[in-house]
Amino acid sequence: MRNEQDLDMALDRLEEAMEAAAEARAQVEALDERRKQVLAAMVVKHRGAGKGIGEAEHFARADETYKAAAAEWELANYDYRRTDAKAEGKRLRFEAWRTVNATERAKMNLR
């Protein structure tokens, strides 16, 4: 980055990436809670059908409703991990740029 405009643009991109990662994390956390609620409801359903707790949980995890909730969570989790990694990459690039500039300033002060 050569000037203040480049710095501002890079910081804007970093901020956008971090916001996207935060939104993705919130989505994955909401879907995780939904998945847990679906599992609990399915266990109750199967317990009501006279199954023991272990068997009810086994049937609940095999239920299509739970499988759909789990699949939705898996996709959101992947998106979060990918988005978070992109934001971290941008942060690391900024830190590297900052370090290089600090080194250059130090060299100039030594001259």
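Every helix of 4 or more DSSP H residues in the chain counts as -39500 (n - 2.57), and over all residues that averages to -33500 deg cm²/dmol at 222 nm. Out of these labelled values of P(r) over Cα pairs in 10 Å bins from 0, in percent, (i) 12, 31, 21, 16, 11, 7, 2, 0; (ii) 15, 52, 30, 3; (iii) 14, 25, 19, 15, 12, 9, 5, 1, 0, which was calculated from the coordinates shown here? For P(r) over Cα pairs in 10 Å bins from 0, in percent, the calculated option is (iii). Relative contact order of the chain: 37 percent, from C-alpha pairs under 8 Å at least 6 residues apart in sequence.
Any read-out appearing in this document is the output of simple, stated calculations on the displayed coordinates, not a laboratory observation. In this text, all values refer to a predicted model and were calculated from it rather than measured experimentally.
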